[in-house]
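Below is one structure, written out as structure tokens, with a few remarks after it.
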Amino acid sequence: MSGLEGFRHSQLSLKTYRECPLRFRRRYLDRMWWSREWGADEEQRGAIRTGQEFHLLASRHFWGMPSGAASDDAVAGWLAALEEFAPRRAGCRYLPEQELRTAAGEGALVAKYDLLELHPDGHAVIYDWKTSPQPPQAGRLARDLQTRLYRAVLCRAGTALGESGWAPAAVSMVYWNPRFPAAPVRLPYSPAAYRRDWEHLTCLVAEIAALGPGDFPATTREETCRHCEYRPLCRGEAREGTEPPEGEVDDAPWELSWEAVPELPL
Ligand code: SF4
């Protein structure tokens, strides 16, 4: 057994495991954390901070708070585009930065939503903000583990929000990038897709829980290693790891940082 029984798996932890089990072990079992901006140049650090600021201002907007001044015109423009794309509707309940957890066999699953929009007619929309320079791709996002996890967890654990819960047909997910405001990706859900997703997710959790500490193999895909923070370690160049900042969680801003880290030269 890996010692991860009861571990709360996020979309990032599951994706990490699928890409490279050894990377998963180093990050979650050995707790070797690297600074979130390690390996990024100044431009990329700026992109990370801009993405984080946008997520923060978007949350404030949906909490109904004054969003405050954006640090630059680009972020201010993104926020204006968001307010046009997803205006607060009367009668809807808005839950930005909402986290939901549910038990899943030997472990648990956790989803942290950028925004849940709960409609009075009983349907729920999950919003996820992306700020990368590439436009959202519907085909890839429909298959993405984040999509599968977020919709399934809402169906499974939605009653924790004080409502009667949501059947799959009442749930949809929207990816939106303020750089491409007219190109949202809308993904409906269905009972059949929910059953497939839940089985896939619980099997993945069980597979990880059954592994021994020495059973996390390294990927053979060099492409994956190019983006990996442990590459110096795998190549025999051990570096000093750092603890994550207090309260840091496995959520969208964290992922933004890893997406932005450049490939390291071989
Ligand atoms: S460098 Fe490659 S093999 Fe090593 S942990 Fe990262 S992805 Fe896995």
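The values are calculated or read from the model by the stated rules, or taken from the named source; none is laboratory data. Note that the structure is a prediction, hence the values are computed from the model and not measured. Virtual Cβ from ideal backbone geometry, glycine too; neighbours counted across all protein chains shown. The protein model used for the area step is the full one, side chains on, heavy atoms only, and it has no ligands, DNA or RNA in it. Shrake-Rupley method; radii C 1.70, N 1.55, O 1.52, S 1.80 Å.
Sorted on the mean count of surrounding Cβ atoms within 10 Å across their residues, most packed first, peptides 144-155, 95-106 read 144-155, 95-106.
For the residues 173, 32, 65, a 1.4 Å probe over the protein chains yields an accessible-area ranking, largest first, of 65, 32, 173. DSSP beta bridges fully contained in segment 8-260 are about 70 percent antiparallel. Over segment 8-260, accessible surface divided per residue gives 47 Å², non-protein components excluded, 1.4 Å probe.
With all protein chains in place and a 1.4 Å probe, the accessible surface of segment 8-260 carries 51 percent carbon and sulfur. Residues of segment 108-135 with the amide nitrogen closer than 13 Å to a label point 7 Å from the Cα of residue 164, along Cα-to-Cβ, please. Hits in segment 108-135 for residue 164 at 13 Å: 120-123.
A simple rule links phi to the HN-Hα coupling: the Karplus curve 6.51 cos²θ - 1.76 cosθ + 1.60 with θ = phi - 60°, which for segment 198-203 gives 5, 5, 4, 5, 5, 5 Hz, with x for Gly and Pro. With the highest mean first, a sort of the peptides 223-229, 123-129, 22-28, 186-192 on other beta-carbon atoms found within 10 angstrom per residue produces 22-28, 123-129, 223-229, 186-192.
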